[in-house]
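A.B. asks: Just dropping this structure here.
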Amino acid sequence: MTSLPALVLFDLDGTLVDPAGAITGGISRALQARGLPVPAEHVLDAMVGPPLGESLRRLARVPEAEVGEVIRLYRADYRAAGMSGSRVYPGIVPALERLAAEGTLLAVVTQKPTPIAVELLQVQGLAGYFESIHGAAMDDLEGASGKDLGKIPILAEALERYAGRFSHAVMVGDRHYDLEAAAHHGIDAVAVGWGFAADGELAAAGAATVAASVEELQEQLKALDEGIRQSGGSR
């Protein structure tokens, strides 16, 4: 049986932290400041998770020439008020404490730019639970190339960092991007139901079950861990 710990990789917004309108409100204000139309609420909700540049182009139909400035305005707003206005989902802190006490390796994998993700986790008092935080580059306008690969390259970076140090890895997240990245890299994923996925999104992305609470998340992580250890394998 393996003695290596599990590696649990958490998404950020919609999984660990509830933006509480900070993201959607910030996008709305940035669009308004540029005199651009603000999408309907359900469209704004769908913009939580993907790279902002991608969402602005595809969902908000922002002209390419305006994307950079909208992102700049949004980030300034988010740092000024959005981070402190967000809140950690109930039960997350005890769950992280329990996982850490069990020796689990914990990391964050997010499509937020890494410096902003680090700052948010520090503001929310969560940074100390994670050995590393992996996000997008700050200067890429989040998908400016038009070749969005979701979380695949970000998850690859995290898995490479811990290569040889874990028995198995699990990606935890609330959107299809999390499940697709996990499937691409051949690792398990646990979908959570308290985030921003649209109806049917997680099932369509291959989620067999969706954890409806942090308690259910812990049960699913435990079951995966026990299954791997009983088989004496790794993943």
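The values are calculated or read from the model by the stated rules, or taken from the named source; none is laboratory data. Just so you know, these numbers come straight off a predicted model, no measurement behind them. Neighbour counts are summed over all protein chains in view; Cβ atoms, including those assigned to glycine, are modelled from backbone coordinates with ideal geometry. Note: accessible area is taken over every heavy atom of the protein model, side chains too, but ligands, DNA and RNA are not part of it. Shrake-Rupley method; radii C 1.70, N 1.55, O 1.52, S 1.80 Å.
A.B. asks: Provide the FRET efficiency to the nearest 0.05 for the residue 42-residue 87 pair, computing r from the beta carbons and using R0 = 22 Å.
C.D. replies: It comes out at approximately 0.50.
A.B. asks: Given a 1.4 Å probe and every protein chain left where it sits, what share in percent of the accessible area of the chain is carbon and sulfur?
C.D. replies: Taking all protein chains in place, the chain shows 52 percent carbon and sulfur surface.
A.B. asks: I'd like to verify something in the chain: which complete DSSP H helices, judged by Cα projection on the helix axis, reach 18 Å or more and average at least 1.0 on the Kyte-Doolittle scale?
C.D. replies: Long hydrophobic helices here: none detected.
A.B. asks: Taking a probe of 1.4 Å, how large is the accessible area per residue of the chain, in Å²?
C.D. replies: I get 44 Å² per residue for the chain.
A.B. asks: Whole Å is fine, so just give me how far the alpha carbon centre of segment 16-56 lies from that of segment 78-129.
C.D. replies: Using only Cα atoms to place each centre, the spacing works out to 21 Å.
A.B. asks: Now, a different point. From a point 7 Å beyond the Cα of residue 102 in the direction of its Cβ, which residues of segment 3-34 have a backbone N at a distance under 11 Å?
C.D. replies: Answer for this model: 6-8.
A.B. asks: Ranking request for peptides 109-119, 163-173, 56-66, 7-17: highest mean number of other beta-carbon atoms within 10 Å first, then the rest in descending order.
C.D. replies: Final packing ranking: 7-17, 109-119, 163-173, 56-66.
A.B. asks: If you stretched the chain out fully between residue 152 and residue 199, how much longer would it get, using 0.36 nm times the residue separation minus the C-alpha to C-alpha distance?
C.D. replies: 14.6 nm
A.B. asks: Can I ask one more? Stretch residue 216-residue 58 to full length: gain in nm at 0.36 nm per residue minus the Cα-Cα span?
C.D. replies: 53.5 nm
A.B. asks: Per-residue counts of other Cβ atoms within 10 Å, averaged by peptide: what ranking do you get for 185-198, 208-221, highest first?
C.D. replies: 185-198, 208-221
A.B. asks: Mind putting a number on the dipole of the chain about its Cα centre? Charges go on the C-beta only, +1 for Lys and Arg and -1 for Asp and Glu, and I need it in Debye to the nearest 20.
C.D. replies: Magnitude of the dipole: close to 340 debye.
A.B. asks: Continuing with this model, one more query. Any chance you could get the radius of gyration and Dmax over the Cα atoms of segment 6-120, in Å?
C.D. replies: Final numbers for Rg and Dmax: 15.6, 51 Å.
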